[in-house]
Amino acid sequence: MLPIIGIHVGLFKYLWIELPKKRTLKEFILFLKVTFISYIKGIWKIIADVPKIFDKNYIEEQKKFKRYNQVKSDLNRALKMLQYIDDKMEKSGMNRQRRRQFWADFLKNGNVRKDIFENLLKEVK
């Protein structure tokens, strides 16, 4: 959805929900003032971003930034999964030496990794 359409849809939904809640004229005027200021700031931001849409360098930088954020989130998810495996082994009573041996095997042997991740997928389902 275009940002200009999105801001108007959001504004009308917000007004539809919040306007009936205002009881006094003072509340109503203050509400409209704050809403109008926020609306103008949003419109101004959209207008300021319009020239960037047509800039090739900006588009490339945005793509790189999105790719970077995707890789970062994937790595965070992978790290959480590995921490979960280690915590699960610790809770099951494995000592530190056996866990270190497991991680050494995990790094060296692809079949071990595949089996572990298959077991995790079964556990999730």
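Quick note: the coordinates plus some simple rules give every number you see, no bench work behind them. The structure presented is a predicted model; accordingly, all values stated were derived computationally and were not measured. Counting neighbours? That spans all protein chains shown, and the Cβs are built from the backbone with ideal geometry, glycine included.
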Lys and Arg at +1, Asp and Glu at -1: neighbours of Phe28 with Cβ under 12 Å from its Cβ sum to +3
Table column - 3J(HN,Hα) (Hz), region 68-79, Karplus curve with 6.51, -1.76, 1.60, x for Gly and Pro = 4, 5, 5, 4, 4, 5, 4, 5, 5, 5, 5, 4
Karplus-derived 3J(HN,Hα) from phi for region 114-121 (6.51 cos²θ - 1.76 cosθ + 1.60, θ = phi - 60°), whole Hz, x at Gly and Pro, runs 4, 5, 4, 5, 5, 5, 4, 4
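Can you give the local net charge around Ser92? Use residues other than it whose beta-carbon is closer than 14 angstrom to its beta-carbon, Lys and Arg +1, Asp and Glu -1. The partial results should precede the final answer.
Details: positive: Lys88, Lys91, Arg96, Arg98, Arg99; negative: Asp86, Asp87, Glu90, Glu123.
Local net charge: +1.
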Can you run phi through the Karplus equation (6.51, -1.76, 1.60; θ = phi - 60°) for region 12-19 and list ³J(HN,Hα) in whole Hz, with x for Gly and Pro?
-> 5, 5, 5, 4, 4, 7, 8, 4
At each listed q (0.16, 0.25 Å⁻¹), what is the log10 of I(q)/I(0) that the Debye formula gives for region 56-125 modelled as equal alpha-carbon point scatterers?
-> -0.69, -1.18
Net dipole in debye of region 1-124 [+1 Lys, Arg Cβ; -1 Asp, Glu Cβ; about Cα centre; nearest 20] = 220
Between rounded, prolate and oblate, where does region 1-54 land on the alpha carbon gyration tensor, with a ≥ b ≥ c its root eigenvalues, rounded for a/c under 1.5, else prolate if a/b exceeds b/c?
-> oblate
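Hey, with R₀ at 30 Å, roughly what FRET efficiency would Ser73 and Leu32 work out to, going by the Cβ-Cβ distance, to 0.05?
On the way: r = 40 Å, r/R0 = 1.32.
My answer for the efficiency is 0.15.
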